[in-house]
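Colleague: I'd like to ask you about the structure that follows.
The values are calculated or read from the model by the stated rules, or taken from the named source; none is laboratory data. All of these numbers come straight from a predicted model, not from anything done at the bench. Note: ideal-geometry Cβ built from the backbone for every residue, glycine included; neighbour counts use all protein chains shown.
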Amino acid sequence: MVKTIFIGDVQAGKYDGQEVELMGWVKRSRGSNKIRFVVLRDSTGVIQCVVKKDAIGDESFEQVKGALIESSIKITGMINADERADGGHEMVATSIVIVGSVNPEHPFPITESAMKAADGGETEFLLDNRHLYLRTSRMTAMLQMRSTVFGAIHNYFRDLDFTEYQAPNFVAGAVEGGSTLFEVPYFGKKVYLTQSWQLYAEAAMPALERLYTIAPSFRAEKSRTRRHLTEFWHAEMEVAWATNDEIMSHGEGVVRKIAGDLLENRSTELESIGRDLELVARYADSPYPRMRYDEAIETLQGMGVDVEWGQDLDYSKEKVLTQDFDVPHFLTHYPKIAKPFYHRVDPDEDKYVLCHDLLAPEGYGEIIGGGERTWSEAELLARLDEEGTDKAAYQFYIDTRSYGGVPHGGFGLGVDRVCSWLTGADHIREVIPFPRDSRRVSP
Ligand code: 4AD
Ligand code: MG
């Protein structure tokens, strides 16, 4: 049987005065030997159900009294609009079936007192119980907003006739430098988990011209910051014939679309976790300015930050720089020495590359990295040599230049980062169901 009635619709007033069946989980329960107030939750909301012994009979009533938190139940009853009730409606039960009960010997472990008493602190306790923590209203809202973000990205690219394209996750070479590669034993050889879809997307660029993906990427990040995971979801795109400016327009377009879709479809969830909707509206409606790396360095130095020209900007620097941004800003023209071989050298001034990072405001920092690619074969070979990179693993990549190379570019957007910035989460692990970092791969 497929469920047809959701609590959200009941609370929206669609079933006033009707008898309906609800299915869900017990969030709270209290009462006496004659009447119980069971707060039921499902994926769409909560509602209080008034359960009277007289109405449902002695046997059922005893079962309801024994139904602990997170027991699953089916409950039939009348829906009454009542201003005093949470959500504006209440159910008066006529029958109840306990579907999955909870053993009193091990009640639902996530309680206020257990969180306070936990040896390793509340955060670790909740991560240990992540599989159950997903059921809380905060995580439910996060996961629903995350789904909206994924949908917005797919829709942005599909509306523009991009082809969705998949690359392998086992790879022979690095994209983003060797320091964050995960090594995997592979039938007597060593291979790596991919850091990015990009190189394999560039191989398909002459076939598809406009392509995108949303896929996991892997980075052996030892540092545990509020925006780093070892396994993260990466939305990447690649476009033939495109310039850095055109790629930035797509980056701005997709981020504004995500903000807009969240606002349109998930404002209740955003508000439920305390997000200021005006900020999200601003990120959807306002254009994103562009500034050069050099200007950012000067700004930081002017603020007394110890930073030198030539360094890539890490989290601590981006945090300071973006604290006063009102909207995301693109930083362009990073020094060549700060970026990997695939970034195209600026033909006007060869100490820069034609690249961009999109830095989110509120002290968040980088959410997108992208730019034009080194597209001539000669330049690519020179860049690999300059970096001292062994070319063997990149022969297929060099071939894309040897056979009709064209200017092209693309970007990668950290989906979990965008979720955590737009929802105002304190930490990236709040927005992914089972976060992975250097210390944790379970549950
Ligand atoms: O800037 P990155 O390293 O760029 C690339 O991987 C390019 N190959 C993408 C491309 O042009 N196709 O990573 C892109 C984005 C970052 O801006 C960040 O949002 C996210 O991926 N990211 C991470 N997100 C979470 N945890 C991590 N450890 C991340 N590393 C990168
Ligand atoms: Mg980057």
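Colleague: Which of the residues spanning the range 166-179 are crowded, with 17+ Cβ neighbours inside 10 Å and modelled with pLDDT of 95 or more? Steps first, please.
Modeller: Pass one, the range 166-179, residues crowded, with 17+ Cβ neighbours inside 10 Å: 167, 171, 173-176.
Across the range 166-179, the qualifying residues are 167, 171.
Colleague: Of a type outside the set (D, E, K, R) and part of a helix (DSSP H, G or I): does that describe residue 358? It would help to see each step written out before you state the result.
Modeller: On the way: of a type outside the set (D, E, K, R): yes; part of a helix (DSSP H, G or I): no.
Criteria not met by residue 358.
Colleague: Restricting to the range 315-365, what's the tally of residues that are in contact with a His (Cβ under 6 Å, 6 or more places away or on another chain), free of Cβ contacts under 8 Å to residues at least 60 places away in the same chain and closer than 20 Å to residue 415 by Cβ?
Modeller: Number of matching residues: 1.
Colleague: All but one of (1) more than 11 Å from ligand 1 (Cβ to nearest atom); (2) among the aromatic types (Phe, Trp, Tyr); (3) buried (at least 18 other Cβ atoms within 10 Å of the Cβ); (4) assigned to a helix (DSSP H, G or I) hold for residue 421; state the number of the condition that does not hold.
Modeller: (1)
Colleague: Which residue, of 268, 243, 213, 225, is in contact with a helix residue (DSSP H, G or I) (Cβ under 6 Å, 6 or more places away or on another chain) and of a type in the set (S, T, N, Q)? Full working, then the answer.
Modeller: Values: 268 fails: in contact with a helix residue (DSSP H, G or I) (Cβ under 6 Å, 6 or more places away or on another chain); 243 fails: in contact with a helix residue (DSSP H, G or I) (Cβ under 6 Å, 6 or more places away or on another chain); 213 fails: in contact with a helix residue (DSSP H, G or I) (Cβ under 6 Å, 6 or more places away or on another chain).
After ruling out the rest, the residue left standing is 225.
Colleague: Could you identify the single residue in 124, 105 that is on the phi < 0 side of the Ramachandran plot, of a type in the set (D, E, K, R) and not in a helix (DSSP H, G or I)? Quick ask: steps written out before the conclusion?
Modeller: Numbers: 124 fails: not in a helix (DSSP H, G or I).
Result: 105 is the single residue among 124, 105 that is on the phi < 0 side of the Ramachandran plot, of a type in the set (D, E, K, R) and not in a helix (DSSP H, G or I).
Colleague: If you scan the range 187-204, which residues turn out to be small (Gly, Ala, Ser), touching a strand residue (DSSP E or B) at 6+ places or on another chain (Cβ under 8 Å) and either within 16 Å of ligand 2 (Cβ to nearest atom) or under 17 Å from residue 391 (Cα atoms) (or both)? I'd like the intermediate steps shown before the answer.
Modeller: Within the range 187-204, the subset small (Gly, Ala, Ser) is 188, 196, 201, 203-204.
If we keep only those that are touching a strand residue (DSSP E or B) at 6+ places or on another chain (Cβ under 8 Å) too, we end up with 196, 201, 204.
If the condition is that a residue be small (Gly, Ala, Ser), touching a strand residue (DSSP E or B) at 6+ places or on another chain (Cβ under 8 Å) and either within 16 Å of ligand 2 (Cβ to nearest atom) or under 17 Å from residue 391 (Cα atoms) (or both), then 196 is the only one that fits.
Colleague: Of the residues 416, 346, 350, which single one is at pLDDT 95 or above and under 30 Å from residue 139 (Cβ atoms)? Full working, then the answer.
Modeller: Details: 346 fails: under 30 Å from residue 139 (Cβ atoms); 350 fails: under 30 Å from residue 139 (Cβ atoms).
Going through 416, 346, 350 in turn, just one is at pLDDT 95 or above and under 30 Å from residue 139 (Cβ atoms): 416.
Colleague: Please list, ordered by residue number, the strands (runs of 3 or more DSSP E) wholly in the range 25-90 having 2 or more residues that are without any contact (Cβ under 8 Å) to a residue 40 or more places away in the chain and over 24 Å from residue 131 (Cβ atoms). Full working, then the answer.
Modeller: Values: elements: 35-42, 45-52, 72-81.
Output list reads 35-42.
Colleague: Further, regarding this structure: Test residue 347 against the stated conditions and say whether it is within 14 Å of ligand 1 (Cβ to nearest atom), within 30 Å of residue 378 (Cβ to Cβ) and in a loop (DSSP other than H, G, I, E, B). It would help to see each step written out before you state the result.
Modeller: Details: within 14 Å of ligand 1 (Cβ to nearest atom): no; within 30 Å of residue 378 (Cβ to Cβ): yes; in a loop (DSSP other than H, G, I, E, B): yes.
The answer is no for residue 347.
Colleague: Next question. For the range 194-214: of the residues being hydrophobic (A, V, I, L, M, F, W, C) and surrounded by fewer than 20 Cβ atoms within 10 Å (Cβ to Cβ), which is nearest to residue 171 (Cα to Cα)? Even if it seems obvious, please write down each step before you answer.
Modeller: Taking the range 194-214 first, the residues hydrophobic (A, V, I, L, M, F, W, C) are 197, 199, 201, 203-205, 207-208, 211, 214.
Narrowing the set further to residues that are surrounded by fewer than 20 Cβ atoms within 10 Å (Cβ to Cβ) leaves 203-204, 207-208, 214.
Numbers: 203: 14, 204: 16, 207: 21, 208: 22, 214: 17 Å.
Among them, the one singled out is 203.
Colleague: Taking the range 362-381 as the search range and keeping residues that are touching a Ser or Thr at 6+ places or on another chain (Cβ under 6 Å) and more than 19 Å from residue 228 (Cβ to Cβ), which one is nearest to ligand 1 (Cβ to nearest atom)?
Modeller: Step by step, filter the range 362-381, then rank; the result is 380.
Colleague: Residues being within 15 Å of ligand 2 (Cβ to nearest atom) and β-branched (Val, Ile, Thr): count how many of those fall in the range 399-427.
Modeller: 2
Colleague: Given the condition among the hydrophobic types (A, V, I, L, M, F, W, C), without any contact (Cβ under 8 Å) to a residue 12 or more places away in the chain and farther than 23 Å from residue 315 by Cα, answer yes or no: does some residue in the range 219-241 qualify?
Modeller: Going residue by residue through the range 219-241, those that are among the hydrophobic types (A, V, I, L, M, F, W, C) are 220, 229, 232-233, 235, 237, 239-241.
Subset that is without any contact (Cβ under 8 Å) to a residue 12 or more places away in the chain: none.
Scanning the range 219-241, I find no residue that is among the hydrophobic types (A, V, I, L, M, F, W, C), without any contact (Cβ under 8 Å) to a residue 12 or more places away in the chain and farther than 23 Å from residue 315 by Cα, so the answer is no.
Colleague: To continue, here is another question. Can you name the residue in the range 179-218 that is touching a residue at least 24 places away in the same chain (Cβ under 8 Å) and either assigned to a loop (DSSP other than H, G, I, E, B) or among the basic types (Lys, Arg) (or both) and is also nearest to ligand 1 (Cβ to nearest atom) among such residues?
Modeller: Selected residue: 196.
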